[in-house]
Amino acid sequence: MALHVYDTRTREKRLFETARTGEVDMYVCGITPYSPSHLGHARCYIAFDLIHRWLEASGWTVNYVQNFTDIDDKIINKANEEGIDFLEVANRNIDDYYEVMDSLNVLRADHYPRVTEVIPEIISMTESLIEKENAYVAEDGVWFSVESAPEKYGVLTGQSIDAVRAGAGGRVEDSGKRDHKDFALWKNAKPGEPSWPSPWGDGRPGWHIECSAMSLKHFGEQFDIHGGGHDLRFPHHEAEIFQSECCTGKEPVVRYWMHNGFVNVDGEKMSKSLGNFWTVKDALKIYDPLVLRQALLNAHYRSPIDLSEQLLEDAKGHHAKIVHAYGHALVITEQAKKAGLRDAPRLPTADVTSTDFLANKLGLLEKLLQEAAVAMDDDFNSRQALSKVSNGARLIPKILESEDIDERDTAAFALYAIDWLEEFAGSVLGLLPEKDIAMAVYDPNLDPARQAIKDDVEQLLARRAIARAAKDWESADEIRDALSDMGVTVKDTPDGVVWTLD
RNA sequence: GCACAGAUAGCAAAGCCCGGUUACGCGAUGGACUGCAAAUCCAUUUCACAGGGGUUCGAAUCCCCUUCUGUGCUCCA
């Protein structure tokens, strides 16, 4: 099955075909950096990161552009509040963006253009729209006339122009626009505002025009994917369609409009006003970034996701399983190297129908990977793909511990398992940590934090062992509680006492 | 009001486009292991698809109607 992608404009999933063979031009609306990144941003950019990764894994070369709206009312307000330059506010929050997205293992886009860097392109596009009579100059700036291209109204949201025409248009009065549906291409500066010179006076761009100008600059008149949050469909993306298509005369400007679902908390949209708002950094105080990533990949990108504690706890457990399998295979590989076992795997041919233990298991793993690929090809169904990876992650340790295969086969299989995990859980889903971290998860003795308290813990455990031998359960449990206070969990397994550090 | 989504077993969430097959997971229950826990493993929980009509040999899946929920229509990922 070849990749199929859902397009918001045509409201159908269709075979993914790009304008240029082997290349994907992908533009995703970036943030307005007036405050630190929140979980909604994390969800959006993880979703498009997954899309980015899968396209590349499928053999396309992706040209990924994501903008920063570094001049805007909210940034200006923030700068005024703090008495600093607007660029300081923008830069600070852009730094925060990079920092948290890096920690969430979001690969960088190829370009991050900023509005303040494309002012000339915006001006020339605006001039062109005025010339074509799709836009007009007013006292307070330049406006796009929606009625100049009524057939483009509502193409993403299904709203009819008549319905909106009937709505109240009260705000027309306090601005230079002729019709309440019109939107600003250029806003003349009010006193004290940052501004750039233009043929219509000093001012700054309207919100929507930047994306049209940037995509035109980087990709030309038509491109493959335009992504962003569900909320951006209207008016932002519809405005872009007006601007770009009226300016170039080419339709459609975008082959596939892709919109990610929102993050909800307890069934409601996460928002500052509802008080259920999380910045990424807040969440990272509680959860490992890769766990958060896994939680957010646990829903299809177009569905809303309810970020509950249960979801996060589930993700934590599943993620641990994957990392554990990875660490296990890595440790066995290390041991095999030390034992002088040659890295010359002679694994049997994968075959689910085989009665040979290893051939059969390899067949199962191959099948899981194929199923994961099918899921991804079906409009990036990460939830489905994740369940395949989870199944594999559960299977791998069983094979590594199996007594049906000898040491040499185990070592050979460990190398295979590492590849298996890195190919999909790592490269595509972006869920694998660094190797040494994974090994420390499997073999806690490799964890430096554990080393630091090792002696103290062992001492207490020795005392507990004595108490247990004397059936002095009270003292034994006291010691266990004391260890628990140190963050140490004691497990009495059939193979002896094992302890883990939170 | 208009528009767009959605409603699936105790919870959570795929499947719906391309009607006929098991989701995956959590939880629960039983068992193994335990002094007790925790953790782990095994087994069971395998005919649920908002309601009502219709099409069909057969519908969660297609069509119509109804109800409810969320979101957008102003800045928003």
Would you calculate, for chain A, the mean residue ellipticity at 222 nm contributed by helices, counting each DSSP H stretch of 4 or more residues as -39,500 (n - 2.57) and dividing by all residues, to the nearest 500? -15500 deg cm²/dmol
Table column - 3J(HN,Hα) (Hz), the stretch A:189-197, Karplus curve with 6.51, -1.76, 1.60, x for Gly and Pro: 6, 8, x, x, 7, x, 8, 10, x
What is the packing order of peptides A:484-497, A:132-145, taking the mean over residues of other C-beta atoms within 10 Å and listing the highest first? A:132-145, A:484-497
Loop-only GluC sites (Glu not before Pro) in the stretch A:169-232, please: DSSP not H, G, I, E or B, and at most 13 other Cβ atoms within 10 Å. A:Glu173
Rounded to the nearest 10, the angle in degrees between the Cα long axis of helix A:209-219 and the longest principal axis of the Cα atoms of chain A comes to 70
Could you state the angle between the C-alpha long axis of helix A:73-82 and the longest principal axis of the C-alpha atoms of chain A, as a value from 0 to 90 degrees rounded to the nearest 10? 70
Summing +1 per Lys or Arg and -1 per Asp or Glu among the other residues with Cβ less than 13 Å from A:Val155's Cβ gives -2
So if R0 is 30 Å, what FRET efficiency would A:Thr489 and A:Asp436 give, r being the distance between their Cβ atoms, rounded to the nearest 0.05? 0.85
Accessible area of chain A belonging to carbon and sulfur atoms, whole % at 1.4 Å probe: 48
Computed lengthening from A:Gln310 to A:Ala57, 0.36 nm per intervening residue step minus Cα-Cα distance: 87.9 nm
Answer rounded, prolate or oblate for the stretch A:4-101, using the Cα gyration tensor with square roots of eigenvalues a ≥ b ≥ c: rounded when a/c is under 1.5, else prolate when a/b is larger than b/c, else oblate. prolate
Test of the criteria: in the stretch A:377-471, which trypsin sites (Lys or Arg not before Pro) are in a DSSP loop and have at most 15 other Cβ atoms within 10 angstrom of their Cβ? A:Lys471
Once phi for every residue in the stretch A:456-464 is put through the Karplus expression 6.51 cos²θ - 1.76 cosθ + 1.60 (θ = phi - 60°), the whole-Hz ³J(HN,Hα) values, with Gly and Pro written as x, are 4, 4, 4, 4, 5, 5, 5, 5, 5
Formal net charge of residues neighbouring A:His230 (Cβ-Cβ distance under 12 Å; K, R +1; D, E -1): +3
Angle between the Cα long axis of helix A:119-131 and the longest principal axis of chain A, 0 to 90 degrees, nearest 10? 40
For the stretch A:7-16, just list the computed ³J(HN,Hα) in residue order, Karplus coefficients 6.51, -1.76 and 1.60, θ = phi - 60°, integers in Hz, with x standing in for Gly and Pro. 10, 4, 5, 8, 6, 8, 8, 9, 3, 7
Evaluate the relative contact order of chain A (contact order divided by residue number), counting alpha-carbon pairs under 8 angstrom at least 6 apart; express in whole percent. 15
Determine, for each peptide in A:26-37, A:231-242, A:44-55, the mean count of other beta carbons within 10 angstrom over its residues, then list the peptides with the highest first. A:44-55, A:26-37, A:231-242
Using 1/(1 + (r/R0)^6) with R0 = 22 angstrom and r between the beta carbons of A:Arg178 and A:Lys74, what's the FRET efficiency to the nearest 0.05? 0.25
For chain A, report the accessible area per residue in Å² (1.4 Å probe, heavy atoms, rounded to an integer). 47
Looking at the stretch A:399-469, which GluC sites (Glu not before Pro) are DSSP coil and have at most 13 other C-beta atoms within 10 Å of their C-beta? A:Glu403, A:Glu434
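The values are calculated or read from the model by the stated rules, or taken from the named source; none is laboratory data. As the structure is a computational prediction, the values presented were derived from the model and not from experiment. Don't worry about glycine lacking a Cβ; one is built from the backbone with ideal geometry, like all the others, and counts go over all protein chains shown. Heads up: the accessible areas ignore ligands, DNA and RNA and are worked out on the full protein's heavy atoms, side chains in. Shrake-Rupley method; radii C 1.70, N 1.55, O 1.52, S 1.80 Å.
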